[in-house]
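Participant: Have a look at the structure that comes next, please.
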Amino acid sequence: MNAILIAVSLMLALTLARTHVVISLLLGALAGGLSGGLDLAQTLAAFNKGISNGASVALSYALLGAFAVAIAKSGLPHALADAAVARLQRSDGKTRLKWLLLGLLAVVSVMSQNLVPIHIAFIPLLIPPLLYVMARLQLDRRAVACVITFGLVTPYMLFPVGFGDIFLNQILLGNIAKAGMDVSGVNVMHAMAIPAAGMVAGLLLAVFASYRKPRSYSLGKIENAERTGARISRRGTVTALLAIACAFAVQLYSDSMLLGALSGFLLFIASGALKWREADDVFGDGMKLMAMIGFVMITAQGFAEVLTATGQIGELVSASASLFGDNRGMAAFAMLFVGLVVTMGIGSSFSTVPILTAIYVPLCLQLGFSPLATVSIIGTAGALGDAGSPASDSTLGPTSGLNVDGQHDHMRDTVIPTFLHYNLPLLAAGWVAALVL
């Protein structure tokens, strides 16, 4: 059996059995490396090499967590929550506020990929203060996770702006051209429109059908995690707003989430809104808040490096394609399914596309797929699995914000809902696009 399938299947099975994601990734990496022809020393060497690539991301998330806790101490989240709760007192305000909240989260998530490309940095700042309001609305957090993940994935796979420019123009078209196919006349938005429509269908299904019913959460747990001890003051509120603006501006200028979060945190200290003697405790609390996502991202990088080191991704593609010969429909499905498996393991569409392109382009040329269809196949194969992967920041990010009170399970409330509502429609839409373009 192919080592990639063994590693990813074991990782997913363990996480579904409530084994911690970090342990699941570690055991999956060991199984994949050993079954892929690497000895124990080579497997560990590849894993350690990958870990070093994830260290800067983990440190960025730790600083972002400290910044989020500093904002919570300022009282701004408390003020926002109280203002929203006041609207709930109106007889007709509950339903309107629910859809307004979901719409706001969708817009902010989409903007985080293009207009203000800060990726998941907004989640620990915006989501925890709103948990109290969501609980009063009895809003199912699985719907919120689906909304946020939609906004984190769909824009970069459709719009060539911000992160989309990196994914579509630099990585997708760049690697296809490098592999020997002329894509100079390809409209990348045309190529990815049908797959993006699959994402929209999944979002509508999640919000209006699957998770429309009310769901109860403990208000006491939310108050203990998010509202207790908050001090509302004009100075703290103004400082928090300035710090948020400063952090985002620095991140956009330097292209570094780490520097952005650090500058916002230091502004709190410099202004006196956060006392020096409290800074150490706040920083420690913030690191605890984001520790899980940081360790998962580090481990996922090691897991991805082991999969690459086995050299069996290409064999998986070739074996899958050879099963269907010249049947373009089945071959397209096989390429998309392999993309789903690989991205579920690696956890990053941006890292998956370069790996798949060198193998997929000759195969698409052999089967007679047009350049437009080839771009759609490879782009969809890369995006598949970003939503629904336990190790993807598109699922880890929503969980980090929605689970601060311990009432949102990463696998059952984020990973499984986003997998079902996005990967399955995206797989079907990508297959249709491959055959009609």
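The values are calculated or read from the model by the stated rules, or taken from the named source; none is laboratory data. In this text the structure is predicted, and so the values were computed from the model without any measurement. Don't worry about glycine lacking a Cβ; one is built from the backbone with ideal geometry, like all the others, and counts go over all protein chains shown. For the accessible areas, the whole protein counts, side chains as well, though only heavy atoms, and no ligand, DNA or RNA atoms are used. Shrake-Rupley method; radii C 1.70, N 1.55, O 1.52, S 1.80 Å.
Participant: Which condition number in (1) at pLDDT below 90; (2) within 24 Å of N403 (Cβ to Cβ); (3) of a type outside the set (F, W, Y) is the one that I166 fails?
Facilitator: (2)
Participant: While we're looking at this one, here's another question. Yes or no: L316 surrounded by fewer than 22 Cβ atoms within 10 Å (Cβ to Cβ), of a type in the set (A, V, I, L, M), touching a helix residue (DSSP H, G or I) at 6+ places or on another chain (Cβ under 8 Å) and free of Cβ contacts under 8 Å to residues at least 12 places away in the same chain?
Facilitator: Taking the combined requirement at face value, the residue does not satisfy it.
Participant: Scan the stretch 353-376 for residues that are crowded, with 21+ Cβ neighbours inside 10 Å and in contact with a Gly (Cβ under 7 Å, 6 or more places away or on another chain) and jot them down.
Facilitator: Correct list: V353, L356, V361, S376.
Participant: I'd like the residue in the stretch 169-210 that is β-branched (V, I, T) and closer than 17 Å to V375 by Cβ and, out of all such residues, is modelled with the highest pLDDT.
Facilitator: Looking at the filtered set, the residue picked out is I194.
Participant: Within the stretch 32-54, which residues are in a helix (DSSP H, G or I) and open to solvent by less than 30 Å² (accessible area, probe 1.4 Å)? Full working, then the answer.
Facilitator: Of the stretch 32-54, the ones in a helix (DSSP H, G or I) are 32-35, 40-54.
Once the filter is applied, which keeps residues that are in a helix (DSSP H, G or I) and open to solvent by less than 30 Å² (accessible area, probe 1.4 Å), the stretch 32-54 yields G32, G33, T43, A46, F47, G50, G54.
Participant: Here's something else I'd like to know. Does T343 meet the test of being hydroxyl-bearing (S, T, Y), crowded, with 20+ Cβ neighbours inside 10 Å and in contact with a Cys (Cβ under 9 Å, 6 or more places away or on another chain)?
Facilitator: So T343 fails the test.
Participant: So, one more: Looking at the stretch 349-429, what helices (runs of 4 or more DSSP H) fall wholly within it and have at least 3 residues that are modelled with pLDDT of 85 or more and under 22 Å from F303 (Cα atoms)?
Facilitator: 371-383, 393-402
Participant: Look through A145, A240 and report the one residue that is under 18 Å from the mean Cα position of the chain (by Cα), of a type outside the set (D, E) and open to solvent by less than 10 Å² (accessible area, probe 1.4 Å).
Facilitator: A145
Participant: Looking for whichever is open to solvent by 30 Å² or more (accessible area, probe 1.4 Å), in a helix (DSSP H, G or I), modelled with pLDDT of 90 or more and of a type outside the set (K, R) here; the options are V110, V57. Which one fits?
Facilitator: V110
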